[in-house]
1. Compute the label zone of Asp9 within the stretch 79-93: residues whose backbone N is under 13 Å from the point 7 Å along Cα-to-Cβ.
2. What's the angle, to the nearest 10 degrees (0 to 90), between helix 69-92's Cα axis and the longest principal axis of the chain?
3. Using the Cα centre of the chain as the reference point, and only Cβ charges (+1 on K/R, -1 on D/E), how large is the resulting charge dipole? Debye, rounded to the nearest 20.
4. Are there chymotrypsin sites (Phe, Trp or Tyr not before Pro) in the stretch 50-93 that DSSP marks as loop and that have at most 13 other Cβ atoms within 10 Å, and which are they?
5. Over the chain, calculate the relative contact order: mean separation of alpha carbon pairs under 8 Å at least 6 apart, over the residue count, as a percent.
6. What list of ³J(HN,Hα) values in whole Hz, one per residue of the stretch 5-15 in order, does the Karplus curve 6.51 cos²θ - 1.76 cosθ + 1.60 (θ = phi - 60°) give from phi, with Gly and Pro shown as x?
7. In whole Å, what are the extents of the chain along the principal axes defined by its C-alpha atoms, from largest to smallest?
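Values in this text are rule-based calculations from the coordinates and carry no lab data. Just so we're clear, the structure is a prediction, and the values are computed from it rather than from any experiment. Don't worry about glycine lacking a Cβ; one is built from the backbone with ideal geometry, like all the others, and counts go over all protein chains shown.
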Amino acid sequence: MPSEHFKCDCCGLCCRSLKKVPALADFDRGDGVCVNLGDDNLCKVYNSRPEICNVELMYERFFSSYCSKKEFYKINEEQCKKIKEDFSEKSER
Ligand code: SF4
Ligand code: SF4
């Protein structure tokens with residue numbers, strides 16, 4: 001069953017994967033990590049973060065006519081899972 005709410009566990013890995021997000025290239029400090037990611041693994045500009053970082057806003061602006069919010073959350077959660085797997089594979093190498 002898709003979630004009622006988007007389940008972000010604040011792992012911070014999407015904010016360390018900017019090489020894969022051309023729209024956030026200006027925020028890449030050079031190694032794929034966002035300049036706005038704090039030492040506590042949280043976004044330092046959360047309340048004014050870019051649109052693409054805001055799941056709710058992205059849904060309302062661009063995806064609400066294509067899928068339900070639950071489906072959109074599920075797609076995002078699958079991406080989170082993929083990012084975690086990619087990082088886990090990298091750390092095992
Ligand atoms: S990868 Fe997913 S779970 Fe981790 S911080 Fe990003 S949105 Fe949250
Ligand atoms: S702006 Fe914030 S939410 Fe967006 S990638 Fe950077 S640290 Fe993550």
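1. Hits in the stretch 79-93 for Asp9 at 13 Å: 80-85, 88.
2. 20
3. Values: 16 positive and 17 negative charges, 23 e Å.
Once rounded to the nearest 20, the dipole reads 120 debye.
4. Details: sites: Tyr59, Phe62, Phe63, Tyr66, Phe72, Tyr73, Phe87; in loops: Tyr66.
In loop regions of the stretch 50-93 (DSSP not H, G, I, E or B), the sparsely surrounded chymotrypsin sites (Phe, Trp or Tyr not before Pro) are Tyr66.
5. Working: 68 pairs, mean separation 30.6, N = 93.
The value is 33 percent.
6. 10, 6, 9, 9, 9, 6, 5, x, 6, 5, 7
7. 36, 31, 24
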